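Here is the structure we will look at, set down as structure tokens.
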Amino acid sequence: MAAKRDSWRRKSVHALEAAAAGVFYWSFWLLPVDAASGLGGWIGRTIGPRLRASARAERNLTRAFPEMTAAEIAPIVCGMWENLGRTAGEYPHLGKFKISKPGGPADPRIEIAGGEHIEHVRAGGKAAIFVSGHFANWELPAISISQHDVPLDIVYREASNKLTGWLYRRRDANVSGNLIPKGAAGARQMLKSLQAGRHLGIMADQKMNDGIAVPFFGRDAMTAPALAQLALKYDCPVVPVRIERTKGARFRVSFLAPIEFAPTGERNHDTLAFMTKINEQLETWIRNNPAQWLWLHNRWPD
């Protein structure tokens with residue numbers, strides 16, 4: 001009986017979540033892009049700091065920046081919530097975000113830096129791995145890569161609420177590739193993608209309980225090793241992709257040179273060393289603009 005009650009309660013909560021997501025999505029879809037982004041940002045910075053989840057963001061910031069005072073951390077948390085609200089408000093409009101390129105739109109919303117690195121990947125005919133994190137609007141790097149005519153399969157974490165799966169499908173329309181769920185089945189799909197010469201997009205900044213301990217802001221953080229393992233096995237170039245919100249609903253996507261790494265042949269050592277390089281890159285971006293990273297992940301559990 002208790003199991004049935006729990007199942008009913010879970011289904012009811014999922015139905016309410018899906019309904020709320022639908023109302024939010026279509027309400028913001030009716031607004032112009034800048035208005036949707038601005039309203040989402042206002043909601044985020046007004047409500048977000050009052051939510052219980054803010055305590056985790058504050059704790060993470062204290063661990064990453066022990067020299068900061070509470071007065072210095074508070075505006076970063078507020079800025080994080082504003083960025084998150086803007087990202088949510090922009091979600092229904094992802095198809096309207098275009099990159100700057102010859103012959104492209106007169107007023108692109110995405111400025112491209114380091115375009116020579118993605119052009120090299122596109123012309124090279126070799127599978128590559130693009131790595132980024134939850135910065136600014138983290139949906140836009142994949143869209144930018146697709147607009148460079150580079151087929152990209154994205155590794156993602158499935159939503160616990162299956163009723164919101166339609167949101168992923170609407171996002172898919174803007175990316176010229178497949179969605180690969182994390183897990184054992186997804187790992188097999190990643191192998192097939194690389195073997196077929198397709199490129200992968202991976203977010204490397206989330207905790208993986210059964211991953212490996214890799215230094216991140218001076219603390220060990222459980223990190224998924226698959227990126228390094230695949231790059232080492234298939235000799236794939238790994239291209240860091242940075243996304244920055246420059247102003248409102250306008251962005252800069254920077255493609256960096258592939259990470260340089262000389263493997264020793266000792267698998268465990270090389271995997272740890274490679275992922276350490278990845279975490280160092282992510283940490284550099286976060287330090288540069290901490291308010292644009294999503295501090296809500298349980299990155300350093302007690």
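Given R0 = 22 Å, the distance between the Cβ atoms of L30 and D107 translates into a calculated FRET efficiency of 0.50. Here the spin labels are modelled as points 7 Å beyond Cα on the Cα-Cβ line, and at E260 and R157 they lie 3.4 nm apart. For the residues P151, P75, P102, a GNM of the chain with alpha-carbon springs under 10 Å puts the largest fluctuation on P102. Computed from backbone phi with θ = phi - 60° and the Karplus coefficients 6.51, -1.76 and 1.60, the 3J(HN,Hα) list for the range 81-92 is 5, 4, 5, 5, x, 4, 4, 5, x, 7, 4, x Hz; x is used for glycine and proline.
Add +1 for every Lys or Arg and -1 for every Asp or Glu among the other residues with Cβ under 15 Å from the Cβ of T284, and state the total.
-1
Each residue of the range 56-71 was assigned a 3J(HN,Hα) from its phi angle through the Karplus expression (A = 6.51, B = -1.76, C = 1.60, θ = phi - 60°), giving 5, 4, 5, 5, 5, 5, 5, 6, 6, 10, x, 7, 7, 8, 4, 5 Hz with x at Gly and Pro.
On full extension, the segment bounded by H297 and K207 gains 31.7 nm, given 0.36 nm per residue less the C-alpha separation.
Cα-based radius of gyration for the range 240-284, normalised by 2.2 N^0.38 Å, reads 1.55. Amide H contacts under 5 Å for H134: D205, L294, restricted to partners 5 or more places along the chain or on a different chain, H placed in the peptide plane at 1.01 Å from N. Within the range 98-291, antiparallel bridges make up roughly 40 percent of the DSSP beta bridges whose residues both belong there. Applying Stokes-Einstein at 10 °C and 1.306 mPa s to the Kirkwood radius of the range 202-289, computed over alpha-carbon pairs, gives a translational diffusion coefficient of 114 µm² s⁻¹. Peptides 43-53, 214-224 ranked from most to least packed give 214-224, 43-53, packing being the mean of other C-beta atoms within 10 angstrom over each peptide's residues. Pairs exceeding 24 Å between alpha-carbon atoms, taken from K101/K192; K233/K277; K182/K277; K182/K233: K101/K192. In the distance distribution for the chain, Cα-Cα pairs more than 29 Å apart total 38 percent.
Read the figures in this text as sums done on the coordinates, not as results from a lab. Since the structure is predicted, the reported quantities are computational estimates derived from the model, not experimental observations. Reconstructed Cβ throughout: ideal geometry from the backbone, glycine too, with neighbour counts over all protein chains shown.
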